[in-house]
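Here is the structure we will look at, set down as structure tokens.
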Amino acid sequence: MYILFSFIPLIIFSLICIFVFHIKISNILISMLLGLLCIFPISLIQYFIPQLSWLITNNFVNTLVTSLLFYGFIEELFKTIFLLPISKKMSVFNFLMISFVFGLSVGCFENIIYFMVKFQNSNSNSASLLYSLILVRTFSSVIIHMVCSGLCGLFVYSVAHKNKKISCFVLAVLLHGFFDFFVGYNQNIKWFYIAVILLSILECRIKYQQIKKDIQWIPEEK
């Protein structure tokens, strides 16, 4: 049941892209597949993260560095790489929507892996707490993956159209890193992740407006 529930955001947004924004189904399916494939190298790297914790003994610094380097930089780097095969011969809006679908795909598949790992390590007493945690994560982490992938998509699009916006990628790394940093805490500080999500949405909109203004895409005549 949870697996089906995890894909609701991806399915709903994909249908909106197809029937409202009239984006090609083939582009939507390709972005979903690339999102799935992107999970494998990300999961492989994250598997080795605990083995590197001995390098930094301070727990606060270790958490911050791990969040920014592994969850921020490396995840967004792989997302950027996997967005490269998608055609850039479209408007920046359409490419942004496809990048969102890609990010939702990454987030949904990552949540399934997260659920399976946590469920195996939990007992009957912690099952109810686990489900509530998963419910929150389903929407929070999926949104941050979606928006940060949008920023990475804007970076890829700007490079393809000879108007490089490296700040889009840098923002994706920092926002994703700080999200994971805050959401990992059990104290009240964890609620700062909501501010990070809202800031990421705002920054994505600002960067989209900038690129839309700077890059005038003209469809080729058929």
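The values are calculated or read from the model by the stated rules, or taken from the named source; none is laboratory data. None of the values given here were measured: they were computed from a predicted structure. Here the Cβ positions follow ideal geometry from the backbone for every residue, glycine too, while neighbour counts run over all protein chains shown. The protein model used for the area step is the full one, side chains on, heavy atoms only, and it has no ligands, DNA or RNA in it. Shrake-Rupley method; radii C 1.70, N 1.55, O 1.52, S 1.80 Å.
A few points about this structure:
- Modelled spin-label separation between residue 185 and residue 163, with each label point placed 7 Å from Cα along the Cα-to-Cβ direction: 3.9 nm.
- Residue-normalised accessible area of the range 154-210, given per residue in Å² at a 1.4 Å probe: 54
- Per-atom-type breakdown for the range 144-205 gives carbon and sulfur 67% of the accessible area (1.4 Å probe, protein chains only).
- Once all protein chains are placed together, residue 63 keeps about 40 Å² accessible to a 1.4 angstrom probe.
- Within the same chain, lysines fewer than 8 places from residue 89 are excluded, and of the rest, those with a Cα less than 26 Å from its Cα are 24, 79, 162, 164, 165, 207, 212, 213, 222.
- Of the residues 116, 90, 32, ranked by 1.4 Å probe accessible area with the largest first, the sequence reads 116, 32, 90.
- Largest to smallest accessible area among 214, 180 [probe 1.4 Å]: 214, 180
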